[in-house]
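J.: Take this structure, written in structure tokens, and hold onto it; I'll ask about it next.
Just so it is clear, none of the values below were taken in a lab; they were calculated from the coordinates. All values reported here derive from a predicted model rather than from experimental measurement. A quick note on method: Cβ atoms are made from the backbone with ideal geometry, for glycine too, and the neighbour counts reach across all protein chains shown.
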Amino acid sequence: MAARAYWSGQIRLALVSIPVEIFSATKAGAQIHFNQVHKPSGKRIAYEKVVPGIGPVKREDIIKGYEVEKGEYVLLEDREIEAVKLESKRTLELVQFVEAHEIDPLYFEKPYYVAPKDQLAEEAFVVLREALRRSRKVALGQLALRGSEKLVALKPCGKGMLLETLRYADEVRQGRAFFSEIDDTAPDAELLDLATTLIDKRTAPFDAAEFENRYVEALRALIERKAKSKTGKAIIEDADEGPRRGSNVVDLMAALKKSVGTTGGEDPKKPEPAKKPAAKKATPAKAPAKPAPAPKKPAQAPRKRAASRG
């Protein structure tokens, strides 16, 4: 089943318009959802919408209202809100281009995939994608998505493009207020070298598949055990927080040295690599046999002197 477009409209760059569709790039992961339950009866708690002094009300009698004064509201129907004219409801106007590194990651909110709506739009779509890739720029614009207008960034993504909604300036807290008490003193050089070495040893390419939601798995195990117990008693496990350590320089130095030296900077939770079988001890080579002494030549018998002729 084909994914349903989250938004359909056009990207406009000056006089060029490109029909596109936007799809959510994320999905809900594994989660444990709880319901509120009445403990004595074990039944789920239901909620009713009520008006003080009137009681429960029907869904069709509920309308949106904006409080202008205490207890006084301006009432707005859904069709009135939908009729608000905003060009960005159907058009994403690219108004500025910036270097990707200029946007602080703090502003990024949610990603969406962008694809051409049909084959007729492909040529212009590909031209814009490759122009962004060649210039190494990110396009900025504003887009109306489900009741609000979002600041968005557009950049190449494989054969398509990626659109990311951004937070506005008034939605981001500045960190200076939280960091003002931190000392400006430079760290100890040896500590810094050890920490850098540890980081280097644990550096590897990012792969999200290497990480699992361990909290969800632990909750599932707890639910399964509680369902089998039939006692209703609470199952409490002691959190494994590890030994508490001091925060002084001596402890930090010792911990870093041990991390770098003893463990080699490896993650203690990863299985140890299989050990190679010990090499067999080589048997010492025998000393080469001494060459046998050459046989002695037999002593020649003394020659007899010829008898002298008389």
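J.: Test of the criteria: in the range 35-99, which chymotrypsin sites (Phe, Trp or Tyr not before Pro) are in a DSSP loop and have at most 16 other Cβ atoms within 10 angstrom of their Cβ?
T.: TYR47
J.: At q = 0.12, 0.23 Å⁻¹, what is the log10 ratio I(q)/I(0) for the range 1-81, with the Debye formula run over Cα points and no solvent?
T.: Values returned for q = 0.12, 0.23 Å⁻¹ are -0.87, -1.09.
J.: In addition: Calculate, axis by axis, the spread of Cα positions in the range 68-166 along the three principal axes, and write the results as whole Å, longest axis first.
T.: 56, 35, 19
J.: Tell me which residues come under 5 Å, amide H to amide H, from LYS117 once H is placed; ignore anything under 5 positions away on its chain.
T.: Long-range HN contacts for LYS117: VAL20, GLU21.
J.: Per residue, how much space in cubic angstrom lies within the convex hull of the C-alpha atoms of the range 73-119?
T.: It is 202 Å³ per residue.
J.: How would you rank 147-158, 51-62, 215-226, highest first, on the average number of other Cβ atoms within 10 Å across their residues?
T.: Result, highest mean Cβ count within 10 Å first: 147-158, 215-226, 51-62.
J.: Over the Cα atoms of the range 1-153, Rg to Rh with Kirkwood Rh, two decimal places?
T.: Rounded to two decimals, Rg/Rh equals 1.11.
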